[in-house]
1. GNM, the chain, Cα, under 10 Å: largest mean-square fluctuation among PRO116, PRO69, PRO95?
2. Reachable aspartates and glutamates from LYS18, Cα under 14 Å, same-chain residues fewer than 8 places away excluded?
3. Which order do GLU9, GLU3, GLU32 take when ranked by solvent-accessible area (1.4 Å probe, heavy atoms of all protein chains), largest first?
4. Please give the charge dipole size of the chain, origin at the Cα centre, charges +1 on K and R Cβ atoms and -1 on D and E Cβ atoms. Round to the nearest 20 debye.
5. So for ASP84, ASP17, what's the accessible-area order with a 1.4 Å probe, most first?
6. What shape does the chain take by its C-alpha gyration tensor, where a ≥ b ≥ c are the square roots of the eigenvalues and a/c under 1.5 counts as rounded, a/b above b/c as prolate, and the rest as oblate?
7. I need to check one value: relative contact order of region 43-90, counting alpha carbon pairs closer than 8 Å and at least 6 residues apart, in percent.
8. I'm a student and want to see the number: the projected area of the Cα convex hull of region 1-48, averaged over all directions, in nm².
Amino acid sequence: MEETKQLVESIVSGIQDKRGSDIVIVDLTHIEGAIANYFIICQGNSTTQVEAITRSVSDITYKNLKEKPLNVVGLENNEWVALDFVDVMVHIFQPEVRRFYNLEDLWDDAPITEIPNEEDMQTAVI
(Lines give C-alpha, C1' and ligand atoms only; values in the text may rest on other atoms or scores of the structure.)
Protein backbone atom coordinates (compact mmCIF):
# COMPACT_ATOMS: atom_id res chain seq x y z
CA MET A 1 0.00 0.00 0.00
CA GLU A 2 2.97 2.33 0.59
CA GLU A 3 3.90 2.05 -3.11
CA THR A 4 0.38 3.12 -4.07
CA LYS A 5 0.58 6.15 -1.77
CA GLN A 6 3.91 7.14 -3.37
CA LEU A 7 2.29 6.76 -6.79
CA VAL A 8 -0.60 9.01 -5.74
CA GLU A 9 1.87 11.64 -4.47
CA SER A 10 3.87 11.53 -7.72
CA ILE A 11 0.70 11.86 -9.80
CA VAL A 12 -0.45 14.88 -7.79
CA SER A 13 3.02 16.40 -8.21
CA GLY A 14 2.81 15.88 -11.97
CA ILE A 15 -0.58 17.57 -12.09
CA GLN A 16 0.60 20.51 -10.01
CA ASP A 17 3.74 20.87 -12.13
CA LYS A 18 1.52 21.96 -15.05
CA ARG A 19 -0.92 23.92 -12.89
CA GLY A 20 -3.73 21.40 -13.05
CA SER A 21 -6.55 22.52 -10.79
CA ASP A 22 -9.34 21.25 -8.58
CA ILE A 23 -7.51 18.02 -7.77
CA VAL A 24 -9.46 15.41 -5.82
CA ILE A 25 -8.39 11.98 -4.66
CA VAL A 26 -11.22 9.48 -4.35
CA ASP A 27 -10.34 6.59 -2.02
CA LEU A 28 -12.02 3.47 -3.41
CA THR A 29 -10.12 0.96 -1.27
CA HIS A 30 -13.26 0.01 0.67
CA ILE A 31 -15.63 -0.03 -2.30
CA GLU A 32 -16.34 -3.57 -3.37
CA GLY A 33 -15.95 -4.09 -7.11
CA ALA A 34 -14.13 -0.79 -7.73
CA ILE A 35 -11.82 -0.92 -10.74
CA ALA A 36 -8.97 0.81 -8.87
CA ASN A 37 -7.98 1.73 -5.34
CA TYR A 38 -7.90 5.45 -6.11
CA PHE A 39 -9.28 7.87 -8.67
CA ILE A 40 -7.43 11.13 -9.06
CA ILE A 41 -9.49 13.75 -10.85
CA CYS A 42 -8.32 17.17 -12.00
CA GLN A 43 -8.76 19.65 -14.79
CA GLY A 44 -6.88 21.74 -17.27
CA ASN A 45 -8.37 24.78 -18.98
CA SER A 46 -7.43 23.93 -22.57
CA THR A 47 -6.58 20.97 -24.77
CA THR A 48 -2.95 22.05 -24.60
CA GLN A 49 -2.95 22.08 -20.79
CA VAL A 50 -4.73 18.70 -20.56
CA GLU A 51 -2.05 17.22 -22.81
CA ALA A 52 0.74 18.89 -20.81
CA ILE A 53 -0.66 17.53 -17.53
CA THR A 54 -0.89 14.06 -19.06
CA ARG A 55 2.75 14.16 -20.14
CA SER A 56 3.87 15.58 -16.82
CA VAL A 57 2.12 12.85 -14.81
CA SER A 58 3.70 10.17 -17.01
CA ASP A 59 7.17 11.77 -16.83
CA ILE A 60 7.19 12.37 -13.08
CA THR A 61 5.84 8.93 -12.13
CA TYR A 62 8.47 7.34 -14.33
CA LYS A 63 11.26 9.56 -12.97
CA ASN A 64 10.28 9.03 -9.31
CA LEU A 65 9.06 5.43 -9.30
CA LYS A 66 9.86 3.89 -12.70
CA GLU A 67 6.06 3.54 -13.17
CA LYS A 68 4.32 4.09 -16.49
CA PRO A 69 0.58 4.03 -17.15
CA LEU A 70 -0.65 0.71 -18.48
CA ASN A 71 -2.96 2.57 -20.84
CA VAL A 72 -3.75 6.17 -21.81
CA VAL A 73 -6.97 7.09 -23.61
CA GLY A 74 -8.42 10.39 -24.78
CA LEU A 75 -5.37 12.04 -26.30
CA GLU A 76 -7.20 12.33 -29.61
CA ASN A 77 -9.25 15.31 -28.38
CA ASN A 78 -7.77 16.14 -24.94
CA GLU A 79 -11.18 16.85 -23.39
CA TRP A 80 -10.96 13.87 -21.02
CA VAL A 81 -7.76 11.87 -20.74
CA ALA A 82 -7.59 8.79 -18.53
CA LEU A 83 -4.33 7.21 -17.40
CA ASP A 84 -4.51 3.68 -16.00
CA PHE A 85 -1.85 2.85 -13.42
CA VAL A 86 -3.84 -0.28 -12.36
CA ASP A 87 -4.25 0.69 -8.67
CA VAL A 88 -4.75 4.35 -9.57
CA MET A 89 -6.86 5.85 -12.37
CA VAL A 90 -6.12 9.45 -13.31
CA HIS A 91 -8.81 11.54 -15.01
CA ILE A 92 -7.78 14.86 -16.55
CA PHE A 93 -10.74 16.89 -17.78
CA GLN A 94 -11.55 20.18 -19.37
CA PRO A 95 -13.98 21.96 -16.98
CA GLU A 96 -17.23 21.56 -18.97
CA VAL A 97 -16.62 17.84 -19.57
CA ARG A 98 -15.80 17.34 -15.90
CA ARG A 99 -19.05 19.00 -14.85
CA PHE A 100 -21.01 16.85 -17.31
CA TYR A 101 -19.62 13.49 -16.11
CA ASN A 102 -19.28 14.51 -12.44
CA LEU A 103 -17.25 11.44 -11.43
CA GLU A 104 -16.93 12.64 -7.86
CA ASP A 105 -20.67 12.14 -7.31
CA LEU A 106 -20.59 8.62 -8.78
CA TRP A 107 -18.46 7.61 -5.81
CA ASP A 108 -20.19 9.68 -3.11
CA ASP A 109 -19.82 6.81 -0.62
CA ALA A 110 -16.01 6.98 -0.91
CA PRO A 111 -13.81 9.38 1.08
CA ILE A 112 -12.68 12.33 -1.05
CA THR A 113 -9.60 14.44 -0.41
CA GLU A 114 -9.47 17.84 -2.08
CA ILE A 115 -6.02 19.24 -2.84
CA PRO A 116 -5.97 23.05 -2.64
CA ASN A 117 -5.07 24.84 -5.86
CA GLU A 118 -1.61 26.37 -5.70
CA GLU A 119 -2.92 29.87 -6.45
CA ASP A 120 -5.38 29.50 -3.54
CA MET A 121 -2.53 28.51 -1.23
CA GLN A 122 -0.44 31.50 -2.37
CA THR A 123 -3.36 33.87 -1.74
CA ALA A 124 -3.86 32.40 1.75
CA VAL A 125 -0.19 33.03 2.63
CA ILE A 126 -0.26 36.70 1.61
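1. Greatest mean-square fluctuation among the candidates belongs to PRO116.
2. GLU51, ASP59, GLU118, GLU119
3. Values: GLU9 125, GLU3 145, GLU32 185 Å².
Largest accessible area first, the list is GLU32, GLU3, GLU9.
4. For this selection, approximately 480 debye.
5. On the way: ASP84 40, ASP17 90 Å².
From most accessible down to least: ASP17, ASP84.
6. Details: a/c = 1.18, a/b = 1.13, b/c = 1.04.
Rounded.
7. 31
8. 3.9
The values are calculated or read from the model by the stated rules, or taken from the named source; none is laboratory data. Here the structure is a predicted model, which means the values were calculated and not measured. Positions of Cβ are backbone-derived with ideal geometry, glycine not excepted, and every protein chain shown enters the neighbour counts. Ligands, DNA and RNA are excluded from the accessible area calculation, which covers all protein heavy atoms including side chains. Shrake-Rupley method; radii C 1.70, N 1.55, O 1.52, S 1.80 Å.
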